[in-house]
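Encoded as structure tokens, the structure appears first; notes follow it.
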Amino acid sequence: MNSTVKRMNRNSSTNLIKILLICFLIIAISFFVYITGGTKKVFVHLMYIPTILSSLFWGTYAGLAAGIVCGILAGPFMPLDVSLGIMQDPINWISRLIMFSLIGLLTGYMIDRINRLNKEKQERNLISPFYNHLPNEKKLFSDIENCIKSGKQFKIISIKITNLNEIEKYVDNKLAFDIVDDLAKKLMHYCGEKRVYSHEKDELIVLACENCVEGYEEKIKKELDHYSSFPVSTNGYKIRVSLKVGVYVHQDEDNSPIEIYNKSRIAYEQGEVNESDVYYYDDSFKDKRREIQDITGAMLESINRNELFVVYQPKIDIVNNKISGAEALVRWKRNGKNFIGPNIFIPIAEEIGFIDKISKFVFSSVVSQVEIWKSKNMNIKCSVNTSVKDLIHDEYTLWASDLITGKNANRSDYEFEITERQIAYNDKKLIEKMHYLKGLGYQLSIDDFGTGYNSLMSVGEIPFDKLKIDKYFIDRIDKTEIAELVRLFIEYAHTLGKTVIAEGVETEEQLNKLRKLKCDEVQGYYFSKPLLPEEFEAFYIEFDKADK
Ligand code: C2E
Ligand code: MG
Ligand code: MG
């Protein structure tokens, strides 16, 4: 309110200055024409200046009025020749008056038209290019700014329709637009017609500032919940609309509208890809995202900067009490000091397509290491973790086979660990590839078994050699129902002729229980943490000695 009053005061004072300037110019020019001898001299044409200025300042009518005033002042009362006292012919001053008025009128009209076109252009700039009844994010930013200036409390609710692109491309282009249209109307009902904005095709934003209906937030949530819970029917298809909602409650410390809007988007990005839910902004989201961006950038240089290396965790054959092999696990020591766990950087590497470089680095390090150990009479079979992206494309597996052939190594010394979850998501193509790899002579294992929602029956269709029971079950093996489940896993794998290894064994009790359940191998801190190659050698020698 204050700022509007201030702006009005400022406008009226500049207007007053302009009026005074025009009056001064008209009087000064009239006086100048008079003292320089009358209208016979060319100076009378100076009257165009206040006429045109008036049109510039206030448009058509002001230009016309100024033209008439100038024409009259330089008209019947102004002599043609002051010294001889000769007055002007009426036709003379009347035609001049008409000329001044026309110039004022036309210039003013042109200026008005230009201003109108500019205004229209500005208004068009504030409208969504996709939904011409909705304002866009530029208008949102300017309205956020007004809300901040007015000191009112407000919230931003961003609604992303995550599958709109797919609906548009693969189902029905018009349906996609109808969904947004319908949703926008519902939101307008709760928060006002001018408070619903669109960004891109698939995002609606509500600026809940004032004039929202009582309990609007709950009502909007209910509406959105309805959207994602009930299918939309079209052309015989039933479509689910997947929505992610981010809410940001404005706090006084934010400074820019873009920053405020981004916080509501950061909030909705927290959810899983196809999950529909409402997320409230929290400052930690931003820090987490920033950290991920930072890790992503640094990871691209990690191999060239020799920051990656491989450690080996021994696997113990608990039937024959000997080391049965090792699992290779990648490590990243960023800048030579900060350890970043594979659980953090491997998913990022998979997302940005850097995983193939890491997988190749790990596999070539492993093959070199296993061959070195072989030369020292240590026969260690080694497993590597693989990403399904590596396995689906031929490039990695062909490269791996060339590497093995080049080093004259034995494929059966190498095992690819594939998590059960990946197998569950990518069944057919991956299973074919697993058959192919087995045919080449590699060992295959199902990692993190029990967490990937495969039914035990479908396991029979997967080509593998070893089942790695996830640490989740080992941690809870003292519970009878879990122990029974583990027994079932082991018995079933044994009927298929496969080996079973338990992951994350940390205590003697767990080990004893697994022995009782007839588990073949274990891996875990009870025997050893993942080790550097030289530490692994020392462990190998020690274990061998203890056994004898
Ligand atoms: P994973 O393949 O299931 O590896 C087992 C994880 O459990 C390893 O964590 C290992 O250090 C840890 N572990 C082993 N025994 C114990 C124990 O007794 N107690 C506890 N608390 N933890 C134990 P790490 O090295 O942090 O690796 C985590 C995951 O990252 C791995 O799970 C694997 O999925 C992935 N990963 C590691 N290295 C690679 C790699 O070279 N390529 C790919 N694609 N993924 C990798
Ligand atoms: Mg593994
Ligand atoms: Mg595992």
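The values are calculated or read from the model by the stated rules, or taken from the named source; none is laboratory data. Nothing here was measured: the structure is a model prediction, and the numbers come from that model. Cβ placement follows ideal geometry from the backbone for every residue including glycine, while neighbour counts extend to all protein chains displayed. Note: accessible area is taken over every heavy atom of the protein model, side chains too, but ligands, DNA and RNA are not part of it. Shrake-Rupley method; radii C 1.70, N 1.55, O 1.52, S 1.80 Å.
The mean sequence distance of close C-alpha pairs (under 8 Å, at least 6 residues apart), as a share of the length of segment 2-125, puts its relative contact order at 26 percent. The separation of segment 311-339 from segment 442-512, counted between C-alpha centres, amounts to 19 Å.
Just how far, in whole angstrom, is segment 65-116 from segment 387-415 if you go by their alpha carbon centroids? Taking the Cα centre of segment 65-116 as reference, the centre of segment 387-415 is 93 Å away.
Each Cα pair under 8 Å and six or more residues apart adds its sequence gap; the mean of these over the residue count of segment 137-281 is a relative contact order of 29 percent. Peptides 376-383, 338-345 ranked from most to least packed by the mean count of surrounding Cβ atoms within 10 Å: 376-383, 338-345. Ligands, DNA and RNA left out, the accessible area of the chain computed with a 1.4 Å probe is 55% carbon and sulfur. Protection proxy ranking of 524-532, 209-217, by the mean of other Cβ atoms within 10 Å over each peptide's residues and highest first, is 524-532, 209-217.
What share of Cα pairs, in percent, lie more than 17 angstrom apart in segment 2-125? Here the tail beyond 17 Å accounts for 62 percent of pairs.
Computed over the alpha carbons of segment 292-541, Rg followed by Dmax gives 17.8, 50 Å. For the chain, the longest principal axis of the C-alpha atoms and the axis of helix 533-547 are separated by about 30°. For the chain, the longest principal axis of the alpha carbon atoms and the long axis of helix 355-375 meet at an angle near 30°. Based on protein heavy atoms only, the chain ends up with 54 Å² per residue of surface accessible to a 1.4 Å probe. Note on the chain: antiparallel DSSP beta bridges, both residues inside, total approximately 60 percent of the bridges counted. In plain terms, if you count all Cα to Cα distances in the chain and split them into 20 Å steps from zero, the share in each step is 16, 29, 25, 14, 10, 6, 1 percent. Measure nothing fancy, just the Cα-based angle from helix 427-440's long axis to the longest principal axis of the chain, in degrees from 0 to 90, nearest 10. Result, in degrees: 50. Only helices enter this figure: runs of n ≥ 4 DSSP H residues, each worth -39500 (n - 2.57), summed and divided by the residues of the chain, yield -17500 deg cm²/dmol at 222 nm to the nearest 500. Peptide packing for 186-197, 61-72 was compared via the average number of neighbouring C-beta atoms within 10 Å per residue; ordered from the highest value, the list is 61-72, 186-197.
Rounded to the nearest 20 debye, the dipole size of the chain about its Cα centre is 2180 debye, using +1 on the Cβ of Lys and Arg and -1 on the Cβ of Asp and Glu.
The mean sequence separation of alpha-carbon pairs under 8 Å and at least six residues apart, normalised by the residue count of the chain, gives a relative contact order of 8 percent.
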